[in-house]
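A quick write-up on the structure given underneath.
The values are calculated or read from the model by the stated rules, or taken from the named source; none is laboratory data. Not measured: the values here are computed from a predicted model. Every residue, glycine as well, gets a Cβ built from its backbone with ideal geometry; the counts of neighbours run over all protein chains shown.
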């Protein structure tokens, strides 16, 4: 809500409260709206489909509001699983921007750049083989926060990660669900 609308609403509420016989102190509290949080922390469950493997894990992210609806975002995720007898672990690290508005329900869109480091290990009778590589790319997506209280919210998030490695592009969808804690004012 814009400051002009907040002032108009406060004056209207104050006038209505005075007609109803309410104390002026109560009407004064309606004049100020809570400021948007300056940053937030997210943590929760994360799933990705990397190549032909289904990997489960967790995701962490932090956002710092730069101006208005624009925030700087750092995202970290770790996924584990197995495919064709090999154990897989993927560490994703991305940095970018998020744009979102809203009060109770806050949808947002974000674009991130970074990479994913994938480690593969295969163990058998008398042998062990390990390999790791890093693919670089970007993630496009978005989600929504649903505010539970002043500081807490739940978040649903979807990214389509476009990673380039070994001469090819791989598209890995990622879905996360977890809790958001809002810091500062």
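Worth pointing out:
- Residue match in segment 135-152 (condition: over 17 Å from the mean Cα position of the chain (by Cα), surrounded by fewer than 16 Cβ atoms within 10 Å (Cβ to Cβ), assigned to a strand (DSSP E or B) and assigned by TED's automatic domain parsing to the domain that holds residue 46): yes
- Subset of segment 53-81 that is touching a strand residue (DSSP E or B) at 6+ places or on another chain (Cβ under 6 Å) and more than 20 Å from residue 140 (Cα to Cα) - its residue that is surrounded by the fewest Cβ atoms within 10 Å (Cβ to Cβ): 80
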